[in-house]
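Here the structure comes first, spelled out in structure tokens, and everything after it is commentary.
The values are calculated or read from the model by the stated rules, or taken from the named source; none is laboratory data. It should be emphasised that the depicted structure is a prediction, and the values quoted were computed from it without experimental measurement. Cβ placement follows ideal geometry from the backbone for every residue including glycine, while neighbour counts extend to all protein chains displayed. The accessibility values were calculated without ligands, DNA or RNA, using every heavy atom of the protein model including side chains. Shrake-Rupley method; radii C 1.70, N 1.55, O 1.52, S 1.80 Å.
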Number of protein chains: 2
Amino acid sequence: MSQTPGTVTTQDDLAVVREVLAEYGEMTRAALEPYLPKWEPRRHLYDLIADYPRRGGKMMRPTLCLATARAFGARPEEALRSAVAIELLHNALLVHDDIEDGSEQRRGRPTMHEMFGVPIAINVGDTLGLLSLRPLMDNLWSVGMRLAWRIMEETERMARESAEGQALELGWREQNVTDLTEADYLSMVLKKTCWLATIHPLRVGALIGSRGGVDVDRFIRFGFFLGAVFQIRDDLLNLTGDETAYGKEVGGDILEGKRTLMLIRLLRVAAPAERARVEALLGLPRIERHVEEVAWVRERMDHHGCLDYARGIAHGLAGAAAHELDLAFEGVPASRDRRFIQSLVTWSLERAA
Amino acid sequence: MSQTPGTVTTQDDLAVVREVLAEYGEMTRAALEPYLPKWEPRRHLYDLIADYPRRGGKMMRPTLCLATARAFGARPEEALRSAVAIELLHNALLVHDDIEDGSEQRRGRPTMHEMFGVPIAINVGDTLGLLSLRPLMDNLWSVGMRLAWRIMEETERMARESAEGQALELGWREQNVTDLTEADYLSMVLKKTCWLATIHPLRVGALIGSRGGVDVDRFIRFGFFLGAVFQIRDDLLNLTGDETAYGKEVGGDILEGKRTLMLIRLLRVAAPAERARVEALLGLPRIERHVEEVAWVRERMDHHGCLDYARGIAHGLAGAAAHELDLAFEGVPASRDRRFIQSLVTWSLERAA
């Protein structure tokens, strides 16, 4: 067990993470079901909408929302619809991201557009995004109109940050940008990953727990560090993970030309001829990128220590997260939920899937 | 000037339509500008978001919302943000529809995905849809929280109907369904076109004008008939229109395999060999459909009177719309706005672009 600077996480803490993820994940799944209606047209819409959400994700996003709400004093029921909305929107974005990235697998099965084509997949993603508004409207009954409205505003902000992050990353690929820095990567991840994965669940949970009384900007820094650790780990698993547990094609990020910390590092430290070869590969249309070249890039990443380099950055960010957590949760009493959130940092750093 | 059964529309009435479209269209355009922010990233997101809305559409949807609100007693400012939201969402759906349909032109210029590729275009459409929530949130300041919330619920319903209509149409193409009836076509158009184009603007306008006091289901039938007339005319213009005025590639619907009334009719009345040839064409991937075959289908449509057949149905629907209008606007005093809405039926039936 490695140790995150600024905190000590034990095996017991990681067991709490797994336990809370299982418990709140199950609670969210049950509450989500009624929002996946069996309306017509079934075959080209409502059957497909239920597909990604039922493939079984980690449920980190809704669980973080529920845990934060409880840590701040709410009953879980009060935050449950917001948690469901987060999970639905997450799945909506996955469907569209998979098209945009040309991904072939998601949670161990073919992606939506691989199965049903791009037109139908776009519409399925649109509809999932739209369905995520329904639990937010139903929030009226759990938290009242004023707070429900506030959560709607939060959702609009978060979705906008996500779209901006996606535009940054797509722009890099479209322009074949190869002179990126870690700061560029982290700015993109802040928007594309962290707002939906961590910052928004924290903000909404705290709003519900405090009945709108807390200044939610206090969660941006902690959410950023935690989310960045989570994303870097995700990128590492794409290179080293067990495909069955991880659920995506290993090496897929390189094939898709995704600007990960490891690729950015490789472009920085590679010899000129190597760098030119990587740049040429990235400049090809996706369909012309071959697995042999992917394997070569992967080997060069190992040769130049790019994975260890990324692990080092993730470790540093985890330390910063532990520090920021104390500020963000100042005055919040100790509880299993707070312990979950604290231990989530180490879990994000070390998770195997 | 043809005469719509059940009403008489004069040249003066059509002048009112043009005048109100110009006036409310301009008002909406001005109010929409602040919702197209010049934030970063500009190049791959915010510059592109402004593109479709600034190409200049007919502005029928927001104008209908504003006119209905005024006819029911509101000041235009009270409905302006809802009108802006409608226009933004309409543009969002156009970007995604153009990808899904493989369309090449929109409002006289290349479609978003033709210019910037599918991944960026998907994200632009997503973000435009998201930005349409902002004026709905700002409705708080024009109509108060309760009515603003109600309009949000209406929007969710409308967007869901649109997505279901889109799924129906995409499903027909994906399965190469060729035994459709007029009733199938009209069910699809009710969802895909009418909810956004007419029913929703009517409902929201009336809600604002009546301060939430009116039963909005009274607008479904009128909106359906009016919207169907508008859509059939659109499909006819795709075959006969002046490309410059119309802004899309003439004959594009046939190339895209779109199930219009004219195509459905042709499949019904064609001789077996002809029918088989049309079905074979529709079964090809879009890229293998050639302009010569499109021209042949077009010629067969003329031969079998399919365009006149569709015109006849549109004429009948316009008569039904005029009848339903009197029921939907019962008790609403005469005004320029009410006259606009009434004359919109004939305008939709006869418009040249």
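Structural remarks
- Counts of other chain beta carbons within 10 angstrom of each beta carbon in peptide B:40-48 average 5.
- Remark: mean inter-chain Cβ contacts per residue of B:124-131 equal 6, using a 10 Å Cβ-Cβ cutoff to other protein chain atoms.
- Positive-end extreme of charge dipole, chain A - chosen from A:A353, A:I199, A:A67 (charges on Cβ): A:A67
- Cβ-vector label at 7 Å, A:E33, separations to other copies in nm: 5.3
- Overall Cα dimensions of the range A:210-249, principal axis frame, Å, largest first: 44, 18, 9
- The accessible-area ordering, largest first, of the residues A:K248, B:K58 stands as B:K58, A:K248, per a 1.4 angstrom probe.
- Position A:D326, label points 7 Å along Cα→Cβ, spacing to each other copy in nm (shortest first, one decimal): 7.9
- Based on the reciprocal of the average 1/r between different C-alpha atoms, the Kirkwood radius for the range B:178-223 equals 11.5 Å.
- For the protein assembly as shown, lysine pairs separated by 8 or more sequence positions, or belonging to different chains, with Cα-Cα distances below 25 Å total 24.
- B:E40-A:D302 FRET efficiency (beta carbon distance; Förster radius 35 Å; 0.05 resolution): 0.50
- Sparsely packed trypsin sites (Lys or Arg not before Pro) within the range B:88-146, loop by DSSP, other Cβ within 10 Å at most 15: none
- Working note: 222 nm ellipticity from helices only, DSSP H runs with n ≥ 4, each -39,500 (n - 2.57), summed and divided by the residues of chain A, gives -22500 deg cm²/dmol to the nearest 500.
- Annotation for the range A:169-218: trypsin sites (Lys or Arg not before Pro) lying in DSSP loop with at most 15 further Cβ atoms inside 10 Å of their Cβ are A:R211.
- Inter-chain Cβ neighbour count for A:164-175, averaged per residue, equals 6 (cutoff 10 Å, partner chain atoms only).
- Dipole magnitude of the range A:191-299, debye to nearest 20 (Cβ charges: Lys/Arg +1, Asp/Glu -1, about Cα centre): 620 debye
- The mean accessible area for residues of the protein assembly as shown, using a 1.4 Å probe and ignoring ligands and nucleic acids, is 36 Å² per residue.
- Spin-label model, A:R54 to B:R18: label points 7 Å out along the Cα-to-beta-carbon direction sit 5.5 nm apart.
- For A:R54, inter-copy label distances in nm, listed shortest first [label point 7 Å out on the Cα-Cβ vector]: 4.5
- The range A:1-159 - convex hull of alpha carbons, volume per residue in Å³: 146 Å³
- Distant-in-sequence amide H partners of B:R106 (H built 1.01 Å from N, under 5 Å): B:T111
- FRET E, pair A:D47, A:D215, Förster distance 51 Å, beta-carbon r, rounded to 0.05: 0.75
- Buried solvent-accessible surface, both chains (B, A), 1.4 Å probe, Å² to nearest 100: 4000 Å²
- Stokes-Einstein diffusion for the range A:234-353 at 37 °C, viscosity 0.692 mPa s, with a Kirkwood radius from C-alpha pairs, works out to 202 µm²/s.
- With the convex hull of the Cα atoms taken as the outline of the protein assembly as shown, the averaged projected area works out to 30.5 nm².
- Here the range B:206-275 is described by how far its Cα atoms reach on the three principal axes: 57, 32, 15 Å, from widest to narrowest.
- Per-residue SASA entry for B:L349, accessible area with 1.4 Å probe, Å² rounded to 10: 20 Å²
- Along each principal axis, Cα extent of chain B, largest first, Å: 61, 53, 31
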